[in-house]
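Reading through the structure tokens given below for one structure.
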Amino acid sequence: MADIARELEKITKSPVDLDANFDRFGYDVRIRTHDADATSEDCKVAGEEAGEETADGAISQGITIKKNGKSSKPRKTTTMKIWKTPVLRQYFHNGILYRSRSAEEVASCELFVDLLYVGIIAFNGDKATEDPTGSGFLRFCVTFIPSWKIWSDVAVLVSQFESDDIFQRFSILFILACLVGYTCNIMEAFHGTYAQLISFYLAARLYLAAVQALMAVVIPKIRNYMLLNVATILIPAAFWIGSIFVEGEGRKQGLIWVGIAWDLFSNIISVFLIRWSTIFSQEFHQKMLQVFSYHPAVNIEHKTERTGAFVSLVFGYSVVSLLYQNSASFGMNAFFGKAILSLIQAYCFNWIYFDVDGSFHHVHAIRRHALSASLWINAHLPFIMGFTISGAALSRLVVAHDSPNTDPHKLTEMYEERSEAELMYGWRWFYCGGLAVAFIFMGEDLQAALALRGLLITHTQLSSPQLTYTLLSKVNASESGTVSHSALPLPLSGSASPLQPNSIHWSSLELQLP
């Protein structure tokens, strides 16, 4: 019995080991907790409405007790409101990142958005193979990048604000309708449907600007940041509108690429004003810190998961592009061999991206440092575009009868018409160049994962009248004075505002000192 008692005491006092990839997102694998007199006003209200009382210390353990001693039955039905005041899932305040205690899951509407992007990727890739030239590649970029931008905006919007109501579902449905109209005008975008293509894109972007303006009204503490985002949407919209009315391919492309640059990199403005405005003056920097004392943050786990889902769509397109239909009684020929080699290629890319690249690194690149995070995020767009255009060329390469044992009559009629005796140079450039670009920017992702490896171990103990968590955290020693602490949870101050609601009473904390 003495041995059992010692083991139980050891388990109680020892840190808790966390499995899976929890430590890869910036938290250490050891957390020490102890119970206190945990109380929560919203939990008490909910318990009183249900005829229950909450035992001392039971909130942290998720235990409720009815007055008659019997456990309560969970509710089986829920309702969705037409409008619910949105709540920030995570935000920065004075250099501290506050996060909701509840885990953020991928919403079903986000998965539905991914279904539409299967078609968008296919249409962009197929259109590129019809004109395998330099101008065809530019047009591919012009039609692909705006669709990526809309997908990224939807992912950020859903990640930042918690408002599971009908209005949010309607907003996503409206954006999906704009994407359908955008996709239906891709094939003839530069031969008569360009105005419609850009109109649907601007409709989605301006609607997102309207939503952010609404967020500025209902959440006053982030009003300045939201209004800045609205401005960064309206400015490139002027260039997109101008590209509709400008005559000439060259001048049209000039306005288009200015608009694309604004759309892709306008978020740098807010980062610059908050982090690096000291290059002007210390007084100006302090003013910016006051103006943007509250600003939304992106849930890193959700961001990496959604980005991985989009990469999976691109890998799926490359797998679909290698498929063909055989009409021969015995189809073991060079067509089949090229398809298998293409499958191995896609499988290896998937293996490298998800299982090899950065899998042995303690902290994910997107959380380690602002520069490595920016490198990791921005490297995905050229990586995805390169792999998409190589997959489009792959659909022509597999069915080409340019090698022995490739009789085009052994293909079905549709694929026999697509079969070419010799691959065009443009297709070869698309295939080889696309794979090269994909490899290069996968290497950039790896460099981001390897960046800033100097880590020191320290610990920070955060205490409150309710609960204390001690978490071993990382200190980034690559730059003098840059410290990153992670701890969870930290009770927020009692506030009934949308920024700090009673329903979300806990948060995680990350502190970065410039």
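So what is the orientation-averaged projected area of the stretch 119-220, using the convex hull of its C-alpha atoms, in nm²?
6.9
Can you list the residues, at least 5 places off or on another chain, whose amide H is less than 5 Å from the amide H of His93, using H built in the peptide plane?
Long-range HN contacts for His93: Tyr98.
Quick check on the stretch 106-163: take the gyration tensor over C-alpha atoms, sort the square-rooted eigenvalues as a ≥ b ≥ c, and tell me if it's rounded (a/c under 1.5), prolate or oblate.
Note, shape of the stretch 106-163 comes out oblate.
What list of ³J(HN,Hα) couplings, whole Hz, do you get for the stretch 126-138 from phi and the Karplus terms 6.51, -1.76, 1.60, once you set θ to phi - 60° and write x for glycine and proline?
3J(HN,Hα) across the stretch 126-138, in whole Hz: 5, 5, 5, 6, 6, 9, x, 10, x, 5, x, 5, 4.
May I ask for the distance between the Cα centers of the stretch 423-442 and the stretch 122-150, given as a whole number of Å?
14
First select every other residue whose beta carbon is under 14 angstrom from the beta carbon of Ala204; then total the charges, Lys and Arg +1, Asp and Glu -1.
Surrounding charge for Ala204 is 0.
Ala231 to Leu341: FRET efficiency via 1/(1 + (r/R0)^6), r the Cβ-Cβ distance, R0 45 Å, to the nearest 0.05?
0.35
Per-residue HN-Hα couplings for the stretch 422-430, Karplus 6.51 cos²θ - 1.76 cosθ + 1.60 at θ = phi - 60°, whole Hz, x for Gly and Pro?
So the Karplus estimates, Gly and Pro as x, are 8, 6, 5, 4, x, 5, 5, 5, 4 Hz.
R0 = 51 Å: FRET efficiency of Met414 with Thr85, Cβ-based, nearest 0.05?
The value I calculate is 0.45.
Can you bin the stretch 203-283 into rounded, prolate or oblate? Criterion: square roots of the alpha carbon gyration tensor eigenvalues sorted a ≥ b ≥ c, rounded for a/c under 1.5, prolate for a/b above b/c, oblate for the rest.
oblate
Cα-based Rg of the stretch 250-337 per 2.2 N^0.38 Å, rounded to two decimals?
2.03
Which distance in Å, rounded to a whole number, links the C-alpha centroids of the stretch 194-224 and the stretch 249-311?
Measuring centre to centre over Cα atoms gives 16 Å.
Since every read-out is calculated from the coordinates, none of them should be taken as a lab result. Keep in mind that this is a model prediction, so the values were computed, not measured. No Cβ is skipped: glycine too gets one built from the backbone with ideal geometry, and neighbour counts run over all protein chains shown.
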